[in-house]
Structures are given as C-alpha cells and as structure tokens.
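Asks: Once you've had a glance at the structure underneath, I'll fire off some questions.
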Amino acid sequence: KQRKKNLESRGPPPSRNSHVPPHLVKKRDELLQTRQTLPIWPHADPIRERLRKNNILVLTGETGSGKSTQVPQFLISEPWCTKTIAITQPRRVAAISLARRVAEEMGSYFGNQSPAAKVGYSVRFDNATGPSTKVKFLTEGMLLQEVLRDPDMNQYSAVVVDEVHERSVNVDLILGFLRNLVAEIEKGSSRRKQPLKVVIMSATADVEGLVNFFAEGFAKNSGQPALPEADKFISKCFVEGRQYPVKTHYLPQPSMDWVESALKIIFQIHYKEPLPGDILVFLTGQDKIEGLEKLVNDYAEGMDKEMPKLLALPLFAALPQQAQQRIFQPTPRHTRKVILATNIAETSVTVPGVQFVIDCGKSKIKQFRSRLGLESLLAKSVSKSAAIQRKGRAGREAPGQCYRLYTEADYKTLEERTTPEILRCDLVQAILTMKARGVNDVLNFPFLDKPPVESLKEALFQLLRLGALKADGTISDMGLQMAKLPVTPKLGRILLEAARPEKDCLLDVIDIISALSTEDSIFFNVVTEEKKEAAEEARRDLYRREGDHLTFLATVQQYADEETDRRAWCDRHFVSHRAMQNVMNIRKQLRQQCQSLKLLTPADLSKESSSSSPNTDAILTSLLRGFVSNTARLAPDGSYKTFVGNHTVSVHPSSVLHGRKVKSEAIVFSEFLYTNKAYAKKVSAVQMNWVEDVMKEAFGI
Ligand code: ADP
C-alpha cells in the first residue's frame, strides 16, 4: 500500500506545455511505468531530502538500478537547482545513449533536435547542448576541459559523478578538483557564492573511502579531525539491487581459442534453453567481436528452419550510434539476441533481457610501459570484482547462468580488484590539466590513490620536453594553449608547432590530426587476396612515399575536394565513408578551436581544401616536435631502434612504409602496438638531422 502511495505521489507533474509534440508526451507516459519499477524509484524523496540538507551525497547501487537515468530527474525541480545538472560518464557511448533515454523519459527533445531540448550531451568533437539544457551528460574529459575555462563550475547547480568505481584517471582528477572547490565554497574563500551539489555514484565503490576522502577536505579547512565532521557535510544512500541467483560454469580445461569456445556455448544454450533469454558475451575488442559475429551468423544460417532465430548484435565504443541503439530494442518474436560486447556492458550500459553471460575473462586495458615510455592497450585478465559484475548481468530479471571461458583454478588466481588507472597509466594529460588549473604542487594534490612518484616525474619531464612547462615547473603559455585543445598534449604541441610562421602548415596538420583522431579505420581492412590487389590499385593515388601521415593528408584533401559524390569516391578508393564523415567533423571542430586560440583567421576557416602542394618538410618536422619520443633510427641490421631506450620496433604491416626495399634512415610514428612484438603504426619517413634538431630542442642535448 505504502509503495502504491509512493508511486502516486512521486510521478512527474503532467506537462501542460503545449510546445511538446504528442508523440513525445506519449512516449514519456509509457516509460513512466518502467521507471517506477526501478530499484531507485522509492529512494527519490530520501535523495532529495539529503541533498537539501548536505551538499555531498555518496550513492551506491547495483548497475541497472536506475542511478544514471533517474537521479538527474529527481533533482531537476529542486529549489536549489536553478542551473544545469552535469552528469559525467567515462565513455562517450554511454553519455549519448543516456541523454537520449533521459530525454525520452522526460518527454523532451534531445541534443540539437530543438532549442527547447532539456537534455543534451557533450563529448569530444560533438557538443549537443542548447539554451534550454537542464540535464547535460558529458564525458569526464569534457568536464575537465570546462573546468579550465570555468574553475568554479558556475554553469552548474549540481555535478553528478557517475561510474566512480571504474576509477579512470579523469574521475580521480574530477574528485580532487571537486573536493577542493566544495571545501572552498564551504569556507567562503571561493568566488562562487551559491552551493554546488555533488553526487558521487558508484556500483561497487568503497563508500567509507569516498566519504573519508571528502571529509578530509573539510577537515583541512577547519583544522578539525575528519570523521566527526563527515556526517555534517556528507550524506550516504544505498540502493539495494534486485539480483537473482546466477549459476557459474567453468571450463574443465583452459581454452586455446576462446572465440571458438564462446561459439560452442552460444549454440549449446540456444539448442538447450527455451526462449526468452538473451545471451551477453564479453570479449576484448572490436576485432574479436566482429570475428565472432560473422561465425554466429554463418552457423545460424545452417540451423533448422523450425529453430528460433539468432540475432547477433555487436557493442563496442567505436560503433556508430544507430547500431548501438539496436541493443535496447525489444527482441523480435521467435528470436534470441546475442550481444557481443566489450567491458562497456559490464557496468556502463545495461542491456535488458539477458539471462546468459559468457565471459572470456579478459579486457583491454591501458597500460603504461615505462620501459618504452609509451602507453598501449593490452588484453589482460579481469579482476575478480569485474568477473562478478559480468556474472551479475545474467541475473537482473530472472535466475541466470554464467559461463566463464576459463577454469575455476584460474579464477582463484585473479586479482581482487581492478587497479585504478592512475596507478598504471601515463599521466601527461592529467598533469597538464592540473598545471593549467593552477595546481602547481602536483605531489600534494588530493588523489584518492596517490600515483607512483616515478610516473608523476615521467609526466613532468614529458611536459618539459614538449615545452608545456617552464624550467621552474609552472605552466608556459604554450602549455596553457595545449591544455585547451581537445587533443593529447603531443598532438596539441604539433598543432602549435605547425602554427608557427616558419612552419605555416596548420591547416594541413589539422587534416592529419583529424585522420589520426577518428576511432574507425579510414582504410578498410581488406581480407581476400584478390580484393587486396584491387584495393592497392585503387588507393595508389593516395599513397605517399613519405609515409602514412601524408597519405592521410592526401586522402582527406581529395575527399574534401570531391564535390559530386563523396560516397562513391570512398567506394572507389576502398575508404570508409563513415570514418571520413567523422574526420570532416573533427576537422571542422579543430579548425574552430584553433581559431578561438587565434591560431587561424576566419579567412583560413572558409578554405575547403588546405593546400594543393603541401610543404612536406614543414609538416613532418611539426609532427616530430610532438612525437619526439616516438622516433627510431635504422640500425645496420635493417631493424629500427627507438632513439629513446634503444628498443627494436617493426613497421606495422598496415603502414604504406611496410616492406620497403629502401628503408629510410629514421622514422616517426604516432601509434605503438605491442602484440607478439613491438610495432610502430602510422609511420612516416624522416631525415636524421631533423630528429637530431628536435632532440636538441626537447632534451637540451
Ligand atoms: P544505473 O546507472 O544504476 O546502472 P541506469 O539508469 O543506467 O542504471 O539504467 C536504468 C534502466 O534504464 C536499465 O534497465 C536500462 O536498461 C535502461 N536504459 C538505460 N539507457 C537506456 C537506453 N538508451 N535505451 C533504453 N533503455 C535504457
């Protein structure tokens, strides 16, 4: 009875707003019922009350309990909420799909659809917010960029930090900045006079750790011991999940090929288990996902016609929006969905209808290889806590089953928790952001986990080498500009180098950096031999002997110059049209950003194509300035050795420089890949004396 009363009293007020078209209102009313069944729904009032009393709330609740979608809606009509609510996400996919969902639930337009849209999102190279945006989903990186322009976060009434358990470097920085800001507001030493409400949300986090962390911030201010103060400032809320039992199966023997093992189990489930009950498979990345998708489709064709159908749906970060949205659509009749996902489906995106989980036990994680001074993505075993999260995905709506593609003995050897990114990653971007925000003493920044001094030092040195810091360790003008550009510090340095009058090749370099920044591959990976030849032939007029970067430039310029039919041009050249559209969008945004930093004039912006005969020396030496550590020289035995550290790297087979008979004396590369050996990917040939010159400038030797 009480629950019914709650439901009645807590529904959103019916909209009297005649501007909202009926189809949106209808959808909103339909969705209200589903929202009311979410575990978080009965917590709406307590959450509101706590935030009226205190400025900080630590909210924990199982994935799928409704935190990300409901909390902003609970807060939107609170008396203190006069401005926008920001909700940060570690991934752009989640930011966009949550914004879309919340707009539907609120019966509002979304993003750029209308100036009246109340819900928007902001991710790198794509800002879809407007004058009426009240709820804004944004990636952690975007919030950090905003903090540089607006340190007091004046545009927001509340900042909701979601998915804190993922412990990305960016979330750790945000928590540190927020802790300082909230304490300053409390003390009255901030320029901001209005309170800022902060909600920290997490699926598994250690609540006390977070509470203590914020309490320490207040204690530092007041000189009081931390804990007795905590309750005065910080509220807690725990949303109990709804979890049905999930049975775990292990492989009896370690698997040699887990794509094949996954395939076997998918069909075993499909033959044995009645509908409904979708399958969610955790794999490491796009290549494995696409491989398994093809296998599932091939085998499904051979199934008996009477059998229910199988619908394979991939889910990974670089997948285009529409394709991602398909996983939320109801399963068609007489069909079983098989979702093939990266760890994005672990906590970030909740897929409805799943009853079976197949877990390969690995995920790709960023790992800083200090020996090489480079960061790379490596497939590593997940932690026990991640394996448990993955398993839990099978028991959200009914009892489920989880098939682990490893042995029980292997499970026992897994680490308890995933190591926070800040303890294992390259910190260059993070330190640059801190320095640009005026944090000079990075060693004393409030980190939830203090990164190793070694990696802090390494990052400081890199920034010195890039010219982002002055010799005394404070930020230089160049560093400030680099921090404001939405690219890594290395790429930022390259843009600034290209803008110098003696180089004067910024438009061309923007084209190259746009091509490097798209997540999709520009050149299709052609599989069959005959197609390979055709593709080589078709791409011949794009390939440049200087290497991949100038090849990208030629591709972007020819595409931009193509006026009649860009899609047909792409088909002819075996180039991905989707990737190129993305490149053009990034290029437009980078040109605007460079204009706002006064690196380009409005006249430059109107140029469709950059230049007909690019100054290749200027372009390559600009690239070298940023990628000064990513260089290698030709050794007498024909291999390449890096200048920093003297490690062997091979030119990746996807490079236009691969397999050259006459090798260049030195190379610069923008990607590094470590599989069975170390590969330089996206490579250009450069002159030795150029490398020596930038080395001198960067290292002072
Ligand atoms: P939490 O943040 O606690 O993990 P969410 O608020 O993300 O929970 O999800 C609540 C519910 O909303 C889930 O059942 C999920 O399936 C649904 N949902 C979330 N995003 C979308 C979307 N884009 N389309 C359809 N349903 C969605």
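What follows is calculated from the coordinates using simple rules that are stated; it is not laboratory data. Everything numeric in this text was worked out from a predicted model, so none of it was measured. As a convention, Cβ positions derive from the backbone with ideal geometry for all residues, glycine included, and neighbour counts pool all protein chains shown.
Asks: Let me see the P(r) profile for the stretch 482-591: every Cα-Cα distance counted, bins of 5 Å, each bin given as a percent of all pairs.
Replies: Distribution as computed: 2, 12, 20, 23, 19, 11, 8, 4, 1, 0 percent.
Asks: So, one more: What are the equivalent ellipsoid semi-axes of the stretch 599-694, built from the alpha-carbon gyration tensor (square roots of five times its eigenvalues), in whole angstrom, biggest first?
Replies: 28, 15, 13
Asks: So, one more: How much of the DSSP bridge set in the chain is antiparallel, in percent, rounded to the nearest 5?
Replies: Here the antiparallel bridges make up roughly 35 percent for the chain.
Asks: Enumerate the lysines that K384 could reach by cross-link, defined here as Cα to Cα under 20 Å, with residues fewer than 8 away along the same chain left out.
Replies: In chain and number order, the partners are K247, K362, K364, K366, K412.
Asks: About the Cα centre of the stretch 504-543, what is the dipole size in debye to 20, counting +1 per Lys and Arg Cβ and -1 per Asp and Glu Cβ, all else neutral?
Replies: 80
Asks: Can you check what the Kirkwood hydrodynamic radius comes to for the chain, Cα pairs only, in Å to one decimal?
Replies: Final number for the Kirkwood radius of the chain is 27.4 Å.
Asks: Quick one: grab the alpha carbon gyration tensor of the stretch 265-333, order the square roots of its eigenvalues as a ≥ b ≥ c, and give me rounded if a/c is under 1.5, else prolate or oblate depending on whether a/b is larger than b/c.
Replies: Prolate, because a/c is 1.5 or more and a/b exceeds b/c.
Asks: Going by amide H atoms built from the backbone, whose H comes under 5 Å of the H on T342, apart from near neighbours?
Replies: Sorted by chain and number, the residues that satisfy this are L283, L315.
Asks: Relative contact order, percent, of the chain when contacts are C-alpha pairs under 8 Å separated by at least 6 residues?
Replies: 10
Asks: Indicate the gyration tensor shape class of the stretch 542-701 (rounded, prolate or oblate), computed on the Cα atoms with a ≥ b ≥ c the square roots of the eigenvalues: a/c under 1.5 is rounded; otherwise a/b larger than b/c is prolate and the rest oblate.
Replies: oblate
Asks: Taking the Cα centre of the chain as origin and charging only Cβ (+1 Lys, Arg; -1 Asp, Glu), how large is the dipole, in debye to the nearest 20?
Replies: Dipole of the chain, to the nearest 20 debye: 1840 debye.
Asks: I would also like to ask the following. With each run of n ≥ 4 DSSP H residues scored as -39500 (n - 2.57), what mean residue ellipticity at 222 nm is computed for the chain after dividing by its residue count and rounding to the nearest 500 deg cm²/dmol?
Replies: -13000 deg cm²/dmol
Asks: Can you find, among S455, S122, S190, the residue sitting farthest towards the positive end of the charge dipole of the chain, where Lys and Arg contribute +1 and Asp and Glu -1 at Cβ?
Replies: Most positive-ward Cα: S190.
Asks: Using θ = phi - 60° and the Karplus relation 6.51 cos²θ - 1.76 cosθ + 1.60, list the HN-Hα couplings for the stretch 505-517 in order, rounded to whole Hz, with x at every Gly or Pro.
Replies: With the stated coefficients, the stretch 505-517 comes to 9, 4, 4, 5, 5, 4, 4, 5, 5, 4, 5, 6, 8 Hz.
Asks: Restricted to Cα positions, what overall size does the stretch 456-544 have along the principal axes? Three whole-Å values, descending.
Replies: Principal extents (Cα only, largest first): 59, 33, 18 Å.
Asks: Over the residues of the stretch 123-177, compute the C-alpha Rg and express it relative to 2.2 N^0.38 Å.
Replies: Cα-based Rg divided by the globular estimate yields 1.13.
Asks: Hey, if you drop one equal point scatterer on each alpha-carbon of the stretch 418-459 and run the Debye formula without solvent, what base-10 log of I(q)/I(0) do you get at q = 0.15, 0.32, 0.33 Å⁻¹?
Replies: -0.32, -1.34, -1.38
Asks: Given all pairs of different Cα atoms, what value in angstroms does the Kirkwood hydrodynamic radius of the stretch 322-453 take?
Replies: 17.7
Asks: Could I ask something else about it? Under the rule of at least 5 residues apart or a separate chain, name every residue whose amide H is placed under 5 Å from the amide H of I87.
Replies: Close amide H contacts, sequence-distant or interchain: K136, F137, L138, V160.
Asks: For the stretch 248-264, in order, what is each residue's ³J(HN,Hα) by Karplus, 6.51 cos²θ - 1.76 cosθ + 1.60 with θ = phi - 60°, in whole Hz (x at glycine and Pro)?
Replies: Coupling constants for the stretch 248-264: 9, 10, 10, 6, x, 10, x, 8, 7, 9, 7, 5, 5, 4, 4, 4, 4 Hz.
Asks: Something else: What lysines sit close enough to K484 to cross-link, taking a C-alpha to C-alpha distance under 20 Å and skipping anything fewer than 8 places away on the same chain?
Replies: Correct list for K484: K435, K470, K588, K598.
Asks: List the residues whose amide H sits under 5 Å from the amide H of I56, counting only those 5 or more places along or on another chain, with H placed 1.01 Å from N in the peptide plane.
Replies: V198, S235
Asks: Using the structure shown, list the pairs from K294/K641; K134/K450; K67/K134; K136/K193; K26/K391 with a Cα-Cα distance above 28 Å, or answer none.
Replies: Flagged as over cut-off: K294/K641; K134/K450; K26/K391.
Asks: Mind sorting V239, V147, V119 by how few other Cβ atoms lie within 10 Å of their own Cβ, fewest first?
Replies: V147, V239, V119
Asks: State the dimensionless ratio Rg/Rh of the stretch 265-381 (Rg: radius of gyration of Cα atoms; Rh: Kirkwood radius).
Replies: For the stretch 265-381, the value is 1.03.
Asks: If you average 1/r across every pair of different Cα atoms in the stretch 61-172 and take the reciprocal, what Kirkwood value do you get, in Å?
Replies: Evaluated on the stretch 61-172, it is 13.9 Å.
Asks: What's the magnitude of the charge dipole for the stretch 356-483 around its Cα centre, counting Lys and Arg as +1 and Asp and Glu as -1 at the beta-carbon? Answer in Debye, nearest 20.
Replies: The calculation lands at about 360 debye.
Asks: Under Stokes-Einstein, with the Kirkwood radius over Cα pairs standing in for Rh, what whole-number D in µm²/s applies to the stretch 409-524 at 37 °C and 0.692 mPa s?
Replies: Once the numbers are plugged in, D ends up at 202 µm²/s.
Asks: Here's a follow-up. Would you work out which of V644, L599, Q687 lies farthest towards the positive end of the dipole of the stretch 597-701? Charges go on Cβ: Lys and Arg +1, Asp and Glu -1.
Replies: Value: V644.
Asks: Just name one of L283, M584, P42: the one whose Cα is farthest towards the positive end of the charge dipole of the chain (beta-carbon charges, Lys/Arg +1, Asp/Glu -1).
Replies: Positive-most Cα among the choices belongs to P42.
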